[in-house]
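Comments concern the structure below.
The values are calculated or read from the model by the stated rules, or taken from the named source; none is laboratory data. Predicted model, so just to flag it, every value in this text is computed and none were measured. Virtual Cβ from ideal backbone geometry, glycine too; neighbours counted across all protein chains shown.
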Amino acid sequence: MRDAAHEACHAIHWGVPEGAWGRESIHDHCPVDGLLASEVLARAVERIVYERITTQAFDANIWLMMAALEFSSTYKVYLPLQQWRDAVEEAMSTPQALELTERVIALASDP
């Protein structure tokens, strides 16, 4: 579920046409500039969606470590864990993240 929310956020944010929302086709639309900011935004939306719609326990430290490792192994960009934490937590309260969260959640309820 978190991964689906993350990829849907990227697809909406990058303007990927609906129907072309496989992981690879979404990432084909990835902007060169602003990649890190876009990833932080998608992680913020992923976390908000997860916290809103699940009752499962959430360990933010484990999730954050996983997110940082995924990004660094894919894009070869390494940030200290505290920088990831600060960036994601700051992004979670932005109007852009909140709007994208609502759009991602609406996808799940759209028949």
Revision key, fill the gap. Scanning region 78-111 for residues that are part of a loop (DSSP other than H, G, I, E, B) and among the polar types (S, T, N, Q), the one nearest to A37 (Cα to Cα) turns out to be T94
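What are the residues in region 1-20 that are β-branched (V, I, T) and not in a helix (DSSP H, G or I), if any? Show your work before the answer.
Going through region 1-20, the residues β-branched (V, I, T) turn out to be 12, 16.
Passing the criteria: only V16.
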Review point. Which number in (1) of a type outside the set (F, W, Y); (2) under 22 Å from Q96 (Cβ atoms); (3) at pLDDT 85 or above marks the one condition that M66 misses?
Key: (2)
Exercise for review: Report yes if G22 is exposed (fewer than 14 other Cβ atoms within 10 Å of the Cβ) and under 26 Å from S109 (Cα atoms), otherwise no.
Suggested key: yes
Check your understanding: Taking region 66-93 only, how many residues are of a type outside the set (D, E), more than 18 Å from A8 (Cα to Cα) and surrounded by 14 or more Cβ atoms within 10 Å (Cβ to Cβ)?
Key -> 5
Review point. Taking interchain pairs and intrachain pairs at least six residues apart, which have beta carbon atoms under 8 angstrom, with the first residue in region 1-28 and charged (D, E, K, R) and the second part of a helix (DSSP H, G or I) and surrounded by fewer than 16 Cβ atoms within 10 Å (Cβ to Cβ)?
Key: E7/R23
